[in-house]
Amino acid sequence: MQAIRGALRQARQGLSVFRDPGKGAFAAFAQLGAWALQLLACWALFAVNVTAVVPATPSNIGIFQLAVISVLTTGFGVGAADALAYGVILQAVEIATAVALGLPALVREGLTWSDMRLRALSAAPVRLSPRPGTETASS
């Protein structure tokens, strides 16, 4: 019961800002702005998740640009060509950053390119069947 009283006391103290019309208006405007930012973030997240329905391509090339174009053209009035250019540059910067930061980390860990290739191949979910004419006797 003491915790509830303390919480109510803090809520009443926080609402005292509305006694001053200037501070109250600023507090209301700031809260509405925060809600607008949250709504914008939810909309952007929805737009990105909708593009996840499209089958992925290697490095999401094309899909990523489609997501950027759809968000920038519908939400911010940017032209499709400019949005595509931004998507290409943004993805290039992301890949360059990953390579620039990842390669020194791999070297520090003592991993070689062959090690990485073997790890990628062993983790691949795709199982390839043998080429026709090279099947073994057990198949």
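The values are calculated or read from the model by the stated rules, or taken from the named source; none is laboratory data. Given the structure is predicted, the values throughout are model-derived calculations rather than measurements. All Cβ positions, even for glycine, are placed from backbone atoms using ideal geometry, and neighbour counts span all protein chains on display. Only protein heavy atoms, including side chains, enter the accessible area calculation; ligands, DNA and RNA are left aside. Shrake-Rupley method; radii C 1.70, N 1.55, O 1.52, S 1.80 Å.
Can you tell me the relative contact order of the chain? Whole percent, Cα pairs under 8 Å, sequence separation 6 or more. If you can, show how the numbers build up before the last one.
Working: 38 pairs, mean separation 14.3, N = 139.
Over the chain, the number comes to 10 percent.
Of M1, M116, the order by accessible heavy-atom surface (1.4 Å probe, DNA, RNA and ligands excluded), from most exposed downward, is M1, M116. A dipole drawn for the chain from +1 and -1 charges on Cβ atoms has a positive end, and of L15, A41, V107 the residue lying farthest that way is L15. Projecting the Cα positions of A81, F29, G6 onto the charge dipole of the chain (unit charges on Cβ atoms of Lys, Arg, Asp and Glu, taken about the Cα centre) puts G6 furthest along the positive direction. Checking (i) 22.0; (ii) 21.3; (iii) 15.9 against the coordinates, the calculated Kirkwood radius over Cα pairs in Å falls under label (ii).
Which shape class, rounded, prolate or oblate, goes with the range 74-128 when its Cα gyration tensor gives a ≥ b ≥ c as root eigenvalues, a/c under 1.5 marks rounded, and past that a/b bigger than b/c marks prolate?
Numbers: a/c = 4.74, a/b = 1.93, b/c = 2.46.
The shape class here is oblate.
Of the solvent-accessible surface of the chain, computed with a 1.4 Å probe over protein heavy atoms with every protein chain present, carbon and sulfur atoms account for 69 percent. Each label was represented as a point 7 Å from its Cα along the Cα-to-Cβ direction; for R131 and L118 these points are 2.4 nm apart.
Between I4 and F26, the distance separating the two model label sites (each 7 Å from Cα on the Cα→Cβ line) works out to 3.5 nm.
Here the chain is treated with +1 on each Lys and Arg Cβ and -1 on each Asp and Glu Cβ, and its dipole about the Cα centre works out to around 680 debye.
Candidate membrane-span-like segments in the chain, meaning DSSP H helices with Cα atoms spread over at least 27 Å of their own axis and a Kyte-Doolittle mean of 0.0 or above, are 21-51, 80-109, with no membrane implied.
Calculated over the range 57-104, the projected area of the Cα convex hull averaged across directions stands at 3.4 nm². Close amide H partners of V78, meaning residues 5 or more places away or on another chain with modelled amide H under 5 Å apart, are T73.
How much length is gained if the chain between L39 and Q13 is pulled fully straight, taking 0.36 nm per residue apart and subtracting their Cα-Cα distance, in nm to one decimal?
6.6 nm
Peptides 5-17, 61-73 ranked from most to least packed give 61-73, 5-17, packing being the mean of other C-beta atoms within 10 angstrom over each peptide's residues. Each Lys or Arg adds one and each Asp or Glu takes one away; over the other residues whose Cβ falls under 12 Å from the Cβ of V88, this sums to -2. In this structure the chain gives 82 Å² per residue of accessible area when probed at 1.4 Å with all protein chains present.
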